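What follows is a short report on a single structure.
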Amino acid sequence: MIGLPFNDYKCLGSITEVVAELVANRDPVIAEIAAKHRTTAGLINYIRGLPQKDDDGDKTDGPKVETCEPPQRLRLPAEDPNCVERAALYLAVAEMIEPRPVRQLATLDTPLGLHTFPVENGAPVILDPRMTQEYLECGVTLAGKGPVTIEAHDAIEWTANLAEDGSRNTRNGPSRVRRARNAVMRLTEGGTVPTQAEVDAIGWMFALAEKAAQRWGSRAVAMVRTTALAIADLAEEVIARSQRNIALDLGDLRIEPPRWMAQLGRAAGRVGLDVGAVALRSQLDTLGIGPDMVGLVEQELNREGLTMGVLARPPKLPTFANLQAKRAA
């Protein structure tokens, strides 16, 4: 069943109407393509294998869907489709092959630019080999409404994809992001404590990912921050299980770890504690506990020789700009 567009109703709604009309009239060219593919999986492979012709905005390169901004080319079928034409072709032909799933058109802003693709029963269909399943799945989830539930593995993969896209202008950036991603996966899947160099790379990866997530909106930024904080908590748990000499202050008891491991276990700052402090302060604000109240509590704690530490004075979140400035220095 062809459903209403996932988003961008004005543009994708017009394209959906064109597709629905072709299917209703059993367009002979669309029906011929459907007859050549027994399954939608075969259709996906066929569409993915077609050469690409980008829509550069040439007014003579048409026909165009004028309700889109800017107007989008829509040739159905096309021997060299762009992403809009691939998605529309899939909707039309797949509907003739197997009409039971609910199919929609969706558009997301990606590092490759605006990308249109089909969504089938809520899951994105990958017709462009440059896109990954995890990337579009997280994008669809974050662009939707209501509570967000994302598998931990997908959240890590999406975070790493964001960071890798943001690192392409940095020397050895993508490879460093992949090393950080692999270290996080070893930590989450096998409980392997990262090395000091990996801790640095993980922090750098999360800083890049948060910067890149801003183009997706506040829910994407929140997901990156939540993932960072979860990895920091997990790192502390793993270290606590694997090292008996963890640096913890419990009354008069103090047990010392290796210096670099103390940096990870004590604050996990490079992996997300500072981010977590900012997020927690934001949450306190929503509960009516603002900076003035936090400041009063901090003053009372200081009189007893105690402090809330980074929560009392959460730092500014790291950005790609100041990371570059630091590297240049």
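The values are calculated or read from the model by the stated rules, or taken from the named source; none is laboratory data. What you are looking at is a predicted structure, and each value in this text was computed from that prediction instead of being measured. When we count neighbours, we look across all protein chains shown, and the Cβ atoms used for this are built from the backbone with ideal geometry, even at glycine.
Could you tell me whether the stretch 11-24 includes any residue that is in a loop (DSSP other than H, G, I, E, B) and over 25 Å from Tyr135 (Cβ atoms)? Working first, answer last.
First, pick out the residues of the stretch 11-24 that are in a loop (DSSP other than H, G, I, E, B): none.
The answer is no, given that none of the residues of the stretch 11-24 is in a loop (DSSP other than H, G, I, E, B) and over 25 Å from Tyr135 (Cβ atoms).
Does at least one position in the stretch 169-183 carry a residue that is of a type in the set (Gly, Ala, Ser) and assigned by TED's automatic domain parsing to the domain that holds Ala94? Please lay out each step first, then the result.
Kept after step one, since they are of a type in the set (Gly, Ala, Ser), are these residues of the stretch 169-183: 173, 175, 180, 183.
Those left that are additionally assigned by TED's automatic domain parsing to the domain that holds Ala94: none.
For the stretch 169-183, residues of a type in the set (Gly, Ala, Ser) and assigned by TED's automatic domain parsing to the domain that holds Ala94: absent.
The set of residues in the stretch 17-55 that are polar (S, T, N, Q) and either modelled with pLDDT under 90 or touching a Leu at 6+ places or on another chain (Cβ under 6 Å) (or both) contains only Gln52. The listed residues are Val140, Val221, Val238, and the only one of them that is in contact (Cβ under 8 Å) with a residue 24 or more places away in the chain, farther than 30 Å from Leu50 by Cβ and not assigned by TED's automatic domain parsing to the domain that holds Phe117 turns out to be Val238.
Residues that are within 30 Å of Glu98 (Cβ to Cβ), aliphatic (A, V, I, L, M) and out of contact with any Leu (no Cβ under 6 Å at 6 or more places or on another chain): which helices (runs of 4 or more DSSP H) entirely in the stretch 115-213 hold 2 or more of them? Even if it seems obvious, please write down each step before you answer.
Details: elements: 133-143, 152-166, 173-190, 196-213.
Qualifying helices (runs of 4 or more DSSP H): 133-143.
Within the stretch 32-49, being more than 17 Å from Arg103 (Cβ to Cβ) and over 27 Å from the mean Cα position of the chain (by Cα) holds for Glu32, Ala35, Lys36, Arg38.
Can you tell which of Thr67, Thr40 is of a type in the set (S, T, N, Q) and touching a Lys or Arg at 6+ places or on another chain (Cβ under 6 Å)? Step through it out loud before you land on a result.
Values: Thr40 fails: touching a Lys or Arg at 6+ places or on another chain (Cβ under 6 Å).
That would be Thr67, the only listed residue that is of a type in the set (S, T, N, Q) and touching a Lys or Arg at 6+ places or on another chain (Cβ under 6 Å).
All told, Asp61 falls short of being within 19 Å of Leu108 (Cβ to Cβ) and either outside any helix (DSSP H, G or I) or free of Cβ contacts under 8 Å to residues at least 24 places away in the same chain (or both). With respect to the conditions (1) in a loop (DSSP other than H, G, I, E, B); (2) at pLDDT 85 or above, Leu105 falls short on a single one, namely (1).
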